[in-house]
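These notes are about the structure you will find just below.
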């Protein structure tokens, strides 16, 4: 493993040493790797952080003071987080005998100052043209290898003054110009392993078929070239022995992304709005879950079921949801203060969601918390991820007769999810008894003091909706109104031309943020939402199934 900002030998070379600048994964700046040999100074990426570039230049100045020699910067790809300081820092660009090397596709983008292919536009950065004096992997300079899977791999060998040979491999997919670089036993892999991450996949130039082939290319490199350590563009180094499993995972993630949309400024704006809504709604939803678990544990302990009480407390604590959400909230405050970029907030939301999904096992709570609440919690995460990757799930839209659907929904809200008969029958089975006891203790009669009135009106045509999602969102609105103090909530169905309208009136005001949230959520269920009057009622329009 490499130690950060320390000189250490590069195995398999004639005395080359490496000084890595390692960072926690951060979309705004990559790692950088400084290499010295008796005959040259090599640099793999610079990153975008000015402080990191200052430390790089301090080391380079010391090396040039010892022995004047050429400096060559190799760019693993043209994204601004890997090369922004190379373009902006005048002191770096004025180094004597500086040579900048990039794959020829990326070289053209850098020399043109292409804000899309360098993703500088997503960062809100102005990127300056960067002259590239050594275009890599041109047809005349490369050799063609056949991998074990029959995939073509282009390699270019570059002789160094020190006597070593540096190998460059074309591994497109993350970007058209992505390369891996090998010196001795170290392989620099750029952003290969992050290429299928939400918010990264779909960037300008991202190519799923090419990425799948490049997974095979890197498998071949690790298996057939003398590689002991892989050095990524973000994060810590990786032993070569760990790469096959990581490549398997990357391949699996990439195979699922055939229909991914382009992640551009429009998608970023939509994702940013959704991320802010997500933070507030996830905080609210999981606060409810936590409150119910704590109350349940207290009641179980009071009844002498200490072990069962401890199990639910451990479940809550092991999920670490509060910590994740606090971290996200702190990050949002930094964003609001202008300390973080839009894309950073969106990708931070992705990170928090993935942690919640890894730690929160809803199926263990299905007898404790309303199924509707659990589904809504899960969809919060799924819907946001779909926004990031550009998916719109319409597969579950089907014809539904709305009056009986809503009658069943209202009846379910007013009926406890347990029976005295089941409780009695479970007396001889300790596990079944505890499950029935937990269901009773966890039950929250949310609408006990609320008069729910359904006016179905006359005959109505079937509508096209995602029934489960639509019903869950209606329940969410009813819970919001009840929480806000509504003691009567009226649901009125009516014909509106060829469509069907549903008016939900609760005589309480819902906040503009909640209304915006429900407009998005109902839209995903097949209904369009309008606000009536001062926001005390919601009007939903549902298209007929025959349209």
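Determine, yes or no, whether residue 527 is touching a residue at least 24 places away in the same chain (Cβ under 8 Å), touching a strand residue (DSSP E or B) at 6+ places or on another chain (Cβ under 9 Å) and within 19 Å of residue 404 (Cβ to Cβ). If you could, list the steps in order and put the result at the bottom.
Details: touching a residue at least 24 places away in the same chain (Cβ under 8 Å): yes; touching a strand residue (DSSP E or B) at 6+ places or on another chain (Cβ under 9 Å): yes; within 19 Å of residue 404 (Cβ to Cβ): yes.
Answer is yes for this residue.
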Exercise. Of 332, 326, which residue is under 18 Å from the mean Cα position of the chain (by Cα), surrounded by fewer than 16 Cβ atoms within 10 Å (Cβ to Cβ), at pLDDT below 80 and closer than 22 Å to residue 381 by Cβ?
Worked result: 326
For this session: Considering only residues that are touching a residue at least 40 places away in the same chain (Cβ under 8 Å) and within 23 Å of residue 273 (Cβ to Cβ), look in the range 475-521 and name the one that is farthest from the chain's Cα centre (by Cα).
Result: 477
Exercise. Considering the range 117-150 alone, what residues qualify as being under 33 Å from the mean Cα position of the chain (by Cα), more than 30 Å from residue 268 (Cβ to Cβ) and surrounded by 15 or more Cβ atoms within 10 Å (Cβ to Cβ)?
Worked result: 136, 137, 147
Exercise. Surrounded by 17 or more Cβ atoms within 10 Å (Cβ to Cβ) and either assigned by TED's automatic domain parsing to the domain that holds residue 341 or over 19 Å from residue 179 (Cβ atoms) (or both): does that describe residue 18?
Worked result: no
Seminar exercise, completed: residue 167 passes all but one of the listed conditions (1) surrounded by fewer than 20 Cβ atoms within 10 Å (Cβ to Cβ); (2) over 19 Å from residue 218 (Cα atoms); (3) without any contact (Cβ under 8 Å) to a residue 60 or more places away in the chain; (4) touching a helix residue (DSSP H, G or I) at 6+ places or on another chain (Cβ under 9 Å); the exception is number (2)
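Quick one: in the range 65-87, of everything that is out of contact with any helix residue (DSSP H, G or I) (no Cβ under 8 Å at 6 or more places or on another chain) and part of a helix (DSSP H, G or I), which residue is surrounded by the most Cβ atoms within 10 Å (Cβ to Cβ)? Give the steps one after another, and end with the answer.
First, pick out the residues of the range 65-87 that are out of contact with any helix residue (DSSP H, G or I) (no Cβ under 8 Å at 6 or more places or on another chain): 65-68, 70, 72, 74, 79, 82.
Still in the running and part of a helix (DSSP H, G or I): 65-66, 82.
On the way: 65: 8, 66: 9, 82: 28.
It comes out as 82.
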For this session: Report the residue count in the range 217-235 for those that are farther than 25 Å from residue 83 by Cβ and either surrounded by 19 or more Cβ atoms within 10 Å (Cβ to Cβ) or in contact with a helix residue (DSSP H, G or I) (Cβ under 7 Å, 6 or more places away or on another chain) (or both).
Result: 3
For this session: Could you tell me whether the range 64-72 includes any residue that is under 23 Å from residue 189 (Cα atoms) and either assigned by TED's automatic domain parsing to the domain that holds residue 176 or touching a residue at least 60 places away in the same chain (Cβ under 8 Å) (or both)?
Result: yes
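The values are calculated or read from the model by the stated rules, or taken from the named source; none is laboratory data. None of the values given here were measured: they were computed from a predicted structure. Every residue, glycine as well, gets a Cβ built from its backbone with ideal geometry; the counts of neighbours run over all protein chains shown.
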